[in-house]
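Q: For reference, the structure I am asking about is given below.
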Amino acid sequence: MSRVMLVDDEEGILKALKRLLRVAPCTLGNKSFSLEIESFSSPVLALERARHEPFDLFISDFRMPEMDGIEFLKAVKEVQPDAARLILSGYADLNALVRAVNEVGIDRFIGKPWNDYELLSAIAQSLAHRDLMLENRQLANLVRMEMGEKTPEAIEAERLEAMEPGITQVNWGPDGSVLLDPDR
């Protein structure tokens, strides 16, 4: 099940997107994606939800009152960097498109009104690309481990431990107390 978040300040757009994604198949080649959809008309509330729940794909409107789609997706990228990101827009603003690609790394910029087939295809392509990216990372980590190299996760754990060391070994006394100086 792929989790998708829709963000648009227009309730009618959200309803149309949810209706489409519920009834139309989302496939790429022989791979089919089952979608679990959550929608928000407020990017601020959507961002709060994204801080607590994982999503595979974010689809955001470009122009919204509280924050634009690029700001929203940029904030989401910091919280969930591996999620795919799409922007929907009724405005063909080249500067916004360049900004979205450069700052957010969006997978697609889709115009409103959208073509149902093209939107479903873009969603399936984005989810397939995300799956491939995650699989490649896992395989690269396995190869590193087999070669005796440290994974990026292990390197990050060591870096954090060096910055703020924690207790890695506990020395117990004969009476069950913790010995702070093991030589005593």
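Q: Does at least one position in region 142-150 carry a residue that is under 14 Å from F58 (Cα atoms), outside any helix (DSSP H, G or I) and open to solvent by 80 Å² or more (accessible area, probe 1.4 Å)?
A: So far as region 142-150 goes, no, none of its residues is under 14 Å from F58 (Cα atoms), outside any helix (DSSP H, G or I) and open to solvent by 80 Å² or more (accessible area, probe 1.4 Å).
Q: Return a yes/no flag: does region 103-118 have any residue that is among the hydrophobic types (A, V, I, L, M, F, W, C), open to solvent by less than 30 Å² (accessible area, probe 1.4 Å) and assigned to a helix (DSSP H, G or I).
A: Yes - at least one qualifying residue is present in region 103-118.
Q: I've got another one for you. May I ask you to list the residues in region 58-83 that are under 8 Å from the mean Cα position of the chain (by Cα), among the β-branched types (V, I, T) and under 12 Å from V104 (Cα atoms)? Explain how you work it out, then say what you get.
A: At the first step, the residues of region 58-83 found to be under 8 Å from the mean Cα position of the chain (by Cα) are 58, 76-77, 79-83.
Cutting the leftovers down to among the β-branched types (V, I, T) gives us 76, 79.
Passing the criteria: only V76.
Q: Quick test for you: out of A128, A122, pick the one residue that is in a helix (DSSP H, G or I), without any contact (Cβ under 8 Å) to a residue 40 or more places away in the chain and either among the aliphatic types (A, V, I, L, M) or closer than 28 Å to L35 by Cβ (or both).
A: Values: A128 fails: without any contact (Cβ under 8 Å) to a residue 40 or more places away in the chain.
After applying the criteria, what remains is A122.
Q: Here's something else I'd like to know. Need the failing condition index for L45 against (1) modelled with pLDDT of 95 or more; (2) touching a strand residue (DSSP E or B) at 6+ places or on another chain (Cβ under 8 Å), just the number.
A: All conditions pass for L45, except number (2).
Q: Looking at region 51-60, can you tell me whether even one residue there is in contact with a Pro (Cβ under 7 Å, 6 or more places away or on another chain), surrounded by 20 or more Cβ atoms within 10 Å (Cβ to Cβ) and in contact (Cβ under 8 Å) with a residue 60 or more places away in the chain?
A: Within region 51-60, none of the residues are in contact with a Pro (Cβ under 7 Å, 6 or more places away or on another chain), surrounded by 20 or more Cβ atoms within 10 Å (Cβ to Cβ) and in contact (Cβ under 8 Å) with a residue 60 or more places away in the chain.
Matching residues to (1) open to solvent by less than 30 Å² (accessible area, probe 1.4 Å); (2) farther than 14 Å from M5 by Cβ; (3) touching a Leu at 6+ places or on another chain (Cβ under 8 Å):
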site	(1), (2), (3)
L47	yes, no, no
E66	no, yes, no
V76	yes, no, yes
Q80	yes, no, no
L86	yes, no, yes
G90	no, yes, no
L94	no, yes, no
A128	yes, yes, yes
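Q: Taking the conditions exactly as written (at pLDDT 85 or above, under 18 Å from L57 (Cβ atoms) and in a helix (DSSP H, G or I)), does L139 satisfy them or not?
A: In short, no.
The values are calculated or read from the model by the stated rules, or taken from the named source; none is laboratory data. In this text the structure is predicted, and so the values were computed from the model without any measurement. A quick note on method: Cβ atoms are made from the backbone with ideal geometry, for glycine too, and the neighbour counts reach across all protein chains shown. Side chains are part of the model used for accessible areas, which takes the heavy atoms of the whole protein and leaves out ligands, DNA and RNA. Shrake-Rupley method; radii C 1.70, N 1.55, O 1.52, S 1.80 Å.
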